[in-house]
1. Could you identify the single residue in Glu31, Glu71 that is among the charged types (D, E, K, R), under 19 Å from the mean Cα position of the chain (by Cα), closer than 16 Å to Glu14 by Cβ and exposed (fewer than 15 other Cβ atoms within 10 Å of the Cβ)?
2. From the list Phe42, Phe2, Phe77, which one is modelled with pLDDT under 90 and touching a Ser or Thr at 6+ places or on another chain (Cβ under 6 Å)?
3. For segment 19-42, which positions are among the small types (Gly, Ala, Ser) and more than 13 Å from Phe77 (Cβ to Cβ)?
4. Filtering segment 138-175 down to residues that are assigned to a loop (DSSP other than H, G, I, E, B) and of a type in the set (A, V, I, L, M, F, W, C), which residue is surrounded by the fewest Cβ atoms within 10 Å (Cβ to Cβ)?
5. From Met180, Met91, which residue is modelled with pLDDT of 75 or more, surrounded by 12 or more Cβ atoms within 10 Å (Cβ to Cβ), assigned by TED's automatic domain parsing to the domain that holds Phe42 and not aromatic (Phe, Trp, Tyr)?
6. Cβ contacts < 6 Å: first residue under 30 Å from Glu49 (Cβ atoms) and in the same structural domain as Lys69 (by TED's automatic domain parsing), restricted to segment 11-37; second residue among the β-branched types (Val, Ile, Thr) and at pLDDT 90 or above, any location; separation 6+ or different chain. Result?
7. Whether any residue in segment 44-57 is of a type outside the set (A, V, I, L, M, F, W, C), in the same structural domain as Glu14 (by TED's automatic domain parsing), surrounded by 18 or more Cβ atoms within 10 Å (Cβ to Cβ) and without any contact (Cβ under 8 Å) to a residue 24 or more places away in the chain is what I want to check.
Amino acid sequence: MFKKKNRARLSDAELIMLAKEKHVHFGVLYERYFDKIFRFIFKRIGGDEASSGDLAQQTFMKAMASLDKYEDRGLPFCSWLYRIAQNEVNMFFRSNKKEFTVEIEDKQVLHILEEANLGSYMTMEDQEKLMAQLNDLPQENLDLIELRFFQELSFKEIADIYSITEANAKMRIYRILEKMNKNWKENQ
C-alpha cells in the first residue's frame, strides 16, 4: 500500500494504473492537475469563479468515471483532461448561451505578435485593434489561439484535445495567424 506522501512521487502512468484499480489513487492526479484545469476553464468562461469550480469538478468526475477508457498515447495525461474540460465548457455555453472573454497578458500579446509577424511593439490603439481582431475570430479559431498562446500548450497537446494530427494543429494555428497578419496589413 502506498502512503499519500509516496503516491505524490509516482508518475502519471503509475497513478493511472493504480487509480484504475482503486479510485482513491485518483486523488493525487486531481491534486496535481486541478489548478491547471481550473485556470483553463476560468479563462474560457470569463472569470466566473463559481462556475469554473463546478466545471472543473465535473471534468474530474468524468475523468475518474472514464479512467478505464483512458489509453496512454504518449501524450501527457493533462491533454486528456483539457479535452474533457473543453467539452464541459462547450456544454456550459450551449446550455447558458453565453459569450466569454479572454484575459490577455503582455507576454502573450508579444508572442502572438511575433508568431503572426505583426512587429514587436504596439501602441495602446494597436493593442485594441488586436483584441478586436481576436474577438472577431470564429470560436474554434479563438479556442486554438487560446490553447497555444494563453494556455501555452504544445501542438501535440492541442492535437490530442481536438483528435487531429500534430501537423494539422500546427497548420490550423499558422493559417489563423496568416489570416490575422493579412487583416492587420489591410487595416493599417
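The values are calculated or read from the model by the stated rules, or taken from the named source; none is laboratory data. Only a predicted model underlies this, so the values are computations on that prediction, with no experimental measurement involved. Every residue, glycine as well, gets a Cβ built from its backbone with ideal geometry; the counts of neighbours run over all protein chains shown.
1. Details: Glu71 fails: under 19 Å from the mean Cα position of the chain (by Cα).
Exactly one of Glu31, Glu71 is among the charged types (D, E, K, R), under 19 Å from the mean Cα position of the chain (by Cα), closer than 16 Å to Glu14 by Cβ and exposed (fewer than 15 other Cβ atoms within 10 Å of the Cβ), namely Glu31.
2. Numbers: Phe2 fails: touching a Ser or Thr at 6+ places or on another chain (Cβ under 6 Å); Phe77 fails: touching a Ser or Thr at 6+ places or on another chain (Cβ under 6 Å).
Going through Phe42, Phe2, Phe77 in turn, just one is modelled with pLDDT under 90 and touching a Ser or Thr at 6+ places or on another chain (Cβ under 6 Å): Phe42.
3. Restricting attention to segment 19-42, the residues satisfying the condition of being among the small types (Gly, Ala, Ser) are 19, 27.
Correct list: Gly27 only.
4. Looking at the filtered set, the residue picked out is Ile164.
5. Met91
6. Within 6 Å, the pairs are Leu15/Val28; Ile37/Thr59.
7. Start the filter on segment 44-57 by keeping residues that are of a type outside the set (A, V, I, L, M, F, W, C), which leaves 44, 46-49, 51-54, 57.
The next check asks that each one be in the same structural domain as Glu14 (by TED's automatic domain parsing); those that pass are 44, 46-49, 51-54, 57.
Among the residues that remain, those that are also surrounded by 18 or more Cβ atoms within 10 Å (Cβ to Cβ) are: 44, 52.
With without any contact (Cβ under 8 Å) to a residue 24 or more places away in the chain added as a condition, the list becomes 52.
Checking segment 44-57: at least one residue is of a type outside the set (A, V, I, L, M, F, W, C), in the same structural domain as Glu14 (by TED's automatic domain parsing), surrounded by 18 or more Cβ atoms within 10 Å (Cβ to Cβ) and without any contact (Cβ under 8 Å) to a residue 24 or more places away in the chain.
A quick yes/no check of all residues on (1) in a helix (DSSP H, G or I); (2) under 24 Å from Ser163 (Cβ atoms):
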| residue | (1), (2) |
| --- | --- |
| Leu10 | no, no |
| Ala13 | yes, yes |
| Met17 | yes, yes |
| Gly27 | yes, no |
| Arg39 | yes, yes |
| Ala50 | yes, no |
| Leu55 | yes, yes |
| Met61 | yes, yes |
